[in-house]
1. Could you sort the peptides 127-136, 194-203 by per-residue average Cβ neighbour count (10 Å cutoff), highest mean leading?
2. If each residue of separation counts as 0.36 nm, what is the full-extension length gain between Ala245 and Ile142 once their alpha-carbon separation is subtracted?
3. Amide H of Ser302 versus every other amide H placed in the peptide plane: which residues, excluding those fewer than 5 positions away on the same chain, fall under 5 Å?
4. Which of the peptides 49-60, 13-24 is most tightly packed, and how do the rest follow, judged by the mean count of other Cβ atoms within 10 Å per residue?
5. Is the shape of region 84-187 best called rounded, prolate or oblate, per the rule: a/c under 1.5 gives rounded, else a/b larger than b/c gives prolate, else oblate, with a ≥ b ≥ c the square roots of the Cα gyration tensor eigenvalues?
6. Please determine, in degrees from 0 to 90 and to the nearest 10, the orientation of helix 311-340 with respect to the longest principal axis defined by the Cα atoms of the chain, where the helix direction is its Cα long axis.
7. Once the Cα atoms of helix 38-59 and of the chain are each reduced to a long axis, what angle between those two axes, in degrees from 0 to 90 to the nearest 10, is obtained?
8. Residues with beta-carbon under 11 Å from that of Val315, excluding Val315: net charge, scoring Lys, Arg +1 and Asp, Glu -1?
Amino acid sequence: MSPDHTDHTSKIVGTVWGLLILNTLGSAGAETIIPLPRSLIQMVTMGALGAAFALALAVNLQLRIRPSAFVLLLTLLLVPSMISSANLESGFGALFRCARLALFIGTLWLLSRWWDGSPTFVRHHIRMYFAVLGSVAAGLVISPGAAMPELYGGRLVGALWPLTPPQIGQYAAVIIGLTVLLVLGRRTDRASAAVVIVPSLVLLALTHTRTATLGLLIGLALAIGSLILTSAAARRFFTWTVLCATVAAVGFSSALQAWFLRGQSQENFSNLTGRAKVWDALLAAPRTTSEQLFGMGLGDKSFGGLPIDNSWLAVYQEQGLTGTALVAAIIIVLGGVALLRPPSLPRACAIFLISYCAIASYTEAGLGDASPYLLHLTVAASLLAAPAAATPLSTPEVPRRRIPGWARRSEVT
């Protein structure tokens, strides 16, 4: 395969990944500077998924896929999703969401051909989400009032595309963590990393997103910890981070506490901004045996009109105990494979992504449906994939020459 063809294919794969990210941005959020009808946003996001599948199929017409326990478990997750959605308890929208999930998983199967343990998809991930954060920063510059409305308590939202503070915090935290690891692994220079990390840190701080901040800190600690024995740069970074964190905790404790509480009362903070009340009501709701096993069907991750904001309870609500077991298997399989791999940069990036998703799953929904969290785990799966074995060059068979009879007789004599 020529280098030009390889570069062209790589660009198409990167485009497919960007379209998948566009599909998972969602259509609900803050009011934008220019009002965007929800139907238009949904048309764009669903069109992005269809285009992603078509491009992935065009670049992989031979349907070459890699065996992947991760995508296999996602495919199995379609079973309880379809069984519960077929009852139409969540309306015809549930079947539409099933079709979307199937197309999403099909695209991942087609992309699995390029999973080789390299940080290729890490770079795609950082580029695409940095572009999304660029739109958030542009909205903040154009209209600070729309970007930090009182409706969200002055937290940063998307003013050009409807994005909520938790979404922005998630994207910022993920690309910060991945970029830090690339610097430690000497896969990028510090100047390029600073261009990504510094503005992303500012946007993360403006969102006041506690889950994203904790996921970033704990995920980075686990990822860097996996490199400490083999990387002097990781040891230096860990030491300086602990020192700076200690100084910050002592010198800015009151400011950090105020940022963390976001002006909430202790009671509101203890019940997780009202989430605990929704969780208790969801668990107390009566269910049939079928609903316990397979759920109510894919919906908008809400209960009683309020967001569930917990991946495990959202999966239990929509895909039942069967779906919950499959999602748990996904996390366990990816985490187990990561622990069995020798220390390396790809392993550290995978550990960061897996741990971040596991931490965020407590206060954010998305592990059971097409979402950024599944894309994070997909990047982790691509990093943990074994490099494709090189195909040995076969020695061409030399055709045997026919020796005339008179020549054989002369050799005998």
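1. Highest to lowest by the protection proxy: 127-136, 194-203.
2. Result for the pair: 33.7 nm of gain on full extension.
3. When sequence neighbours closer than 5 places are left aside, the close amide H contacts are Ile308.
4. Highest to lowest by the protection proxy: 13-24, 49-60.
5. Oblate, since a/c reaches 1.5 and b/c is not below a/b.
6. So the inclination is approximately 50 degrees.
7. 20
8. Local charge sum for Val315: -1.
The values are calculated or read from the model by the stated rules, or taken from the named source; none is laboratory data. In this text, all values refer to a predicted model and were calculated from it rather than measured experimentally. When we count neighbours, we look across all protein chains shown, and the Cβ atoms used for this are built from the backbone with ideal geometry, even at glycine. To get the accessible areas, we keep the full protein, side chains included, count just its heavy atoms, and leave off ligands, DNA and RNA. Shrake-Rupley method; radii C 1.70, N 1.55, O 1.52, S 1.80 Å.
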